[in-house]
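Q: Take a look at the following structure, please.
Only the coordinates and a few stated rules stand behind these numbers; no lab work does. The shown structure was predicted, so the numbers you read here are calculated from the model rather than taken from an experiment.
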Amino acid sequence: MAARKTTSRKPKKQPCPDCQNGQILESFQVGGRRKRVSDDRQEALCLTCLGTGEAPTA
Ligand SMILES: [Zn+2]
């Protein structure tokens, strides 16, 4: 009987460097004359990892 080695490789997932948990806090940069009433920040989907929270593998 040949012992089969099952090499189940699990790729290490690296966290996205640009966000945490796939969400970023977008800060509004509203300068100028028009002062709009808006929240300072808004949760947005990270475009680097597309919300997965993991660094994209090239
Ligand atoms: Zn991200």
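Q: Just subtract the alpha-carbon distance of Leu47 and Asp18 from 0.36 nm times their residue separation and send over the number in nm, one decimal.
A: Here the segment from Leu47 to Asp18 would lengthen by 9.6 nm.
Q: So, one more: Can you give the extra length, in nm with one decimal, that the chain gains between Ala58 and Lys10 once fully stretched, where that is 0.36 nm per residue apart less the Cα-Cα distance?
A: Gain on extension, Ala58 to Lys10, equals 15.6 nm.
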